[in-house]
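Accompanying notes for the structure given below.
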Amino acid sequence: MNKTRIGVFSACVMAGLSLAAHVVEAETWPQRTVRVIVPTGPGSSVDVGARLFADRLAKRWNHSVVVENRPGAEGIVGVSAFVNMRDDHTLLVSFAGPMSVLPVMQEKLPYDLANDLVPISIVSDNFATVASTGSLNVGSLSDLVRMAHTQPGKLNYHAAPGAFPLLFAGFLRSAGLDMVSVSYRESILSTQDLVEGRIQVVITPLTNVLPQTQTGKVRLLAVTNKYRSPLAPAVPTAIEAGYPDLRFEGFSGFFGPRTITPELRDRISADIQAVAADPTIADRLSAAGLRVRSSTPAEFANAIAEQRAQMTSIVKLIGSKAAR
């Protein structure tokens with residue numbers, strides 16, 4: 001056997017051994033407690049989903065799965081902490097903002113989307129709504145558009161952090177509307193102002209304003225998702241209301257570190273999909289205002305890319321970043 005053939009044979013043997021080692025790793029992982037970083041605070045929709053899946057995954061993996069909250073800077077604090085850990089027993093459960101919105105709105109981020117974060121599986125969709133104060137006397141998005149057209153610059157709104165400032169700014173531009181953006185130190189404070197009529201419209205997670213709808217002081221005009229929310233089934237989607245520019249899927253999901261092997265990534269994804277298929281998971285997420293949704297790694301990556309393209313097109317439409 002000549003040197004060339006020996007070299008090719010050796011390379012094939014090494015590749016085979018490497019593949020075998022990766023398969024064994026995927027089959028035997030985890031060897032210890034798995035840590036899950038969540039870039040939002042306790043009780044948030046992302047946190048609720050992460051803890052529910054962590055509990056079920058711990059049973060499948062026969063090891064503890066511990067959720068650690070690292071909120072701040074619209075997700076940047078938690079994502080950066082995860083990336084810097086470089087630990088094969090640490091995963092990230094994040095909402096879409098740090099992956100698909102912030103890269104469009106900020107020139108530099110302390111993490112590399114292409115190399116530092118490996119999509120594993122989506123786990124849930126969070127429902128968001130366009131809501132108006134009851135005193136505004138509008139019952140639909142069309143009503144709001146007509147009123148805003150007749151009162152340019154007179155109506156105000158608040159969009160919760162993340163994609164919503166950009167999303168609503170794009171909607172206003174495409175509809176030819178002029179409304180005033182109002183900022184809050186803590187977005188949740190806008191709900192009380194909406195109830196009192198000090199602000200006319202908010203774009204926020206549905207669960208933030210749903211309790212106030214019982215008194216009639218807040219009206220839900222539409223949800224931004226493709227599907228109606230089980231918590232508010234009578235509320236149309238933005239697409240159904242005739243305003244597809246307001247469509248946005250607030251998904252969250254699991255990510256792995258850059259060192260994760262394809263074999264382990266796929267194995268964890270399969271486990272997450274198995275958990276998501278349990279009807280009790282769907283029921284518990286629905287009770288928290290979420291919709292269960294799982295995916296392959298490729299489907300998750302495509303969803304992020306599609307959403308980033310949507311945000312990029314909005315920036316091109318409005319010509320600048322949205323008011324924060």
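Regarding segment 280-294, can at least one residue be identified that is outside the structural domain of Arg56 (by TED's automatic domain parsing), of a type in the set (A, V, I, L, M) and surrounded by fewer than 20 Cβ atoms within 10 Å (Cβ to Cβ)? The answer is no, given that none of the residues of segment 280-294 is outside the structural domain of Arg56 (by TED's automatic domain parsing), of a type in the set (A, V, I, L, M) and surrounded by fewer than 20 Cβ atoms within 10 Å (Cβ to Cβ). Say whether the condition of being in contact (Cβ under 8 Å) with a residue 60 or more places away in the chain, of a type outside the set (A, V, I, L, M) and not in a helix (DSSP H, G or I) is met by at least one residue in segment 304-313. No, because not a single residue in segment 304-313 is in contact (Cβ under 8 Å) with a residue 60 or more places away in the chain, of a type outside the set (A, V, I, L, M) and not in a helix (DSSP H, G or I).
If only residues of segment 30-61 that are part of a helix (DSSP H, G or I) and touching a Leu at 6+ places or on another chain (Cβ under 8 Å) are counted, the one that is farthest from Leu91 (Cα to Cα) is Ser45. Could you please find all residues in segment 83-122 being touching a residue at least 40 places away in the same chain (Cβ under 8 Å), under 22 Å from Ser294 (Cα atoms) and part of a helix (DSSP H, G or I)? Matches in segment 83-122: Gly97, Pro98, Met99, Ser100, Val101, Asp116. Taking the criterion of being surrounded by 18 or more Cβ atoms within 10 Å (Cβ to Cβ) and either outside the structural domain of Gly256 (by TED's automatic domain parsing) or under 30 Å from Ala222 (Cα atoms) (or both), the residues of segment 106-130 that qualify are Pro119, Ser121, Ile122, Val123, Ser124, Asp125, Asn126, Phe127, Ala128, Thr129, Val130. Going by what's in this entry, would Ala50 be described as in contact with a Lys or Arg (Cβ under 6 Å, 6 or more places away or on another chain), among the aliphatic types (A, V, I, L, M), within 29 Å of Asn208 (Cα to Cα) and modelled with pLDDT of 95 or more? So Ala50 does not fit the description; no. Taking helices (runs of 4 or more DSSP H) as the structural unit, those lying wholly within segment 131-241 and holding at least 2 residues that are buried (at least 18 other Cβ atoms within 10 Å of the Cβ) and in contact with a Gly (Cβ under 6 Å, 6 or more places away or on another chain) correspond to 206-209.
Using the structure shown, decide if Ala58 is at pLDDT 95 or above, surrounded by 13 or more Cβ atoms within 10 Å (Cβ to Cβ), over 15 Å from the mean Cα position of the chain (by Cα) and more than 28 Å from Ala305 (Cβ to Cβ). Here the answer is yes, as Ala58 does meet what is asked.
The values are calculated or read from the model by the stated rules, or taken from the named source; none is laboratory data. The structure displayed is predicted, hence computed values, not measured ones. Cβ atoms come from the backbone with ideal geometry, glycine included; neighbour counts cover every protein chain shown.
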